[in-house]
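Contents: one structure, followed by commentary.
Please treat every number below as a calculation from the coordinates, not as lab data. From a predicted model like this one, the values you see are computed outputs, not experimental measurements. Every residue, glycine among them, receives a Cβ derived from its backbone with ideal geometry; neighbour counts consider all protein chains shown.
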Amino acid sequence: MAKVLDVQNVHRIYESAAGYTHALRGVSLQVSRGEFLCVMGPSGSGKSTLMNILGGLDRPTSGSYRLEGIDVADLSDDELAELRASRLGFVFQSFNLLPRATVMRNVQLPLVYCDVPRSERVERAVKALHAVGLPPDYYDHRSNELSGGQMQRVAIARALVNDPALILADEPTGNLDSATSDMVMETFSKLRSQGKTIVLITHDAEVCEWGDRTVHIRDGKLLTDEEERAYGSKRGRT
């Protein structure tokens, strides 16, 4: 199956007055079209750094990252911005919606930046909202009038509206109760069944049960299954 994402031996080193921080250490990762991958790790493990690189928000210090065959590390800032707008969809823990804007306006926003005609923006926004199961009665509500689960579904619709090659979700259930989290994860599962490619970062093992595959990250390295089991056993003894 075609690879949407191909990461090879990526390192990310940050320099500050306090010295060097090696946030990613030789990460290699491939994701096939239509796959739902969960990246699981604790705070400080490097998962947010990995998400930033996959989203074109940061560049690796060394190694390569290809999205649909495009070497992302070689792109200019303008080309990266175009890639983020057209080929990537982002879902965040804090939703990042405009609180006083309507649901329709929030979902259409990426299309405004891409100069899509208004009639087409409306059509595509309605299609995305239908895909995440939000009833039409809510389309004219302001986002600050919605529940947490409804806001996250609006955020997922916004990520879908440009028909991205890859949806990146960063702790999308972190601010939600368990019942609402299940509703949001059911939405992701439905999108995966429709052929969408999803990479979701979390610290929650129950969230990972919804995915096709889980990889574990610790101290900037992706662990093998054996290393993760050894880590879990060691943690259980402490």
Item to check | Estimated distance in nm for a label pair at V112 and E79, the labels positioned 7 Å out from Cα along Cα-to-Cβ | outcome: 2.9 nm
Item to check | Under the Karplus curve 6.51 cos²θ - 1.76 cosθ + 1.60, θ = phi - 60°, whole-Hz ³J(HN,Hα) for region 193-209, x wherever Gly or Pro sits | outcome: 5, 8, x, 6, 9, 10, 10, 10, 9, 7, 10, 9, 4, 5, 4, 5, 5
Next on the checklist: What FRET efficiency comes out for D6 versus L98 if R0 is 41 angstrom and r is the Cβ-Cβ distance? Round to the nearest 0.05.
Outcome noted: 0.75
Checklist entry - In the chain, what cysteines have no partner Cβ closer than 4.7 Å? => result C114
Checklist entry - What distance in nm separates the simple spin-label points at S86 and N144, each placed 7 Å from Cα in the Cβ direction? => result 3.6 nm
Checklist outcome for this item: Projected onto the charge dipole of the chain (unit charges on the beta-carbon of Lys, Arg, Asp and Glu, signs +1, +1, -1, -1), the Cα from A125, S193, N9 with the largest positive-side position is that of S193
Item to check | Given charges at beta-carbon only (K, R positive; D, E negative), |dipole| of region 158-228 in Debye | outcome: 460 debye
Checklist entry - How big is the charge dipole of region 111-230 about its Cα centre, in debye rounded to the nearest 20, if each Lys and Arg gets +1 on its Cβ and each Asp and Glu gets -1 on its Cβ? => result 540 debye
Next on the checklist: Within the chain, how many Lys pairs that are eight or more residues apart, or on different chains, come under 17 Å at the alpha-carbon?
Outcome noted: 4
Checklist entry - What ranking do F36, F92 get, fewest neighbouring Cβ atoms within 10 angstrom at the top? => result F92, F36
Next on the checklist: To the nearest 20 Debye, how big is the dipole of the chain about its Cα centre, given +1 on the beta carbon of each Lys and Arg and -1 on that of each Asp and Glu?
Outcome noted: 140 debye
Checklist outcome for this item: Residue span D204 to R25: 0.36 nm per residue of separation minus Cα-Cα distance leaves a gain in nm of 62.2 nm
Checklist outcome for this item: Expected sort for T173, T49 with the fewest Cβ neighbours (10 Å cutoff) up front is T49, T173
Item to check | Loop-located GluC sites (Glu not before Pro) in region 119-226 whose Cβ has at most 15 other Cβ within 10 Å (DSSP) | outcome: E209
Checklist entry - In percent, how large is the relative contact order of the chain, given Cα pairs closer than 8 Å and 6 or more residues apart? => result 29 percent
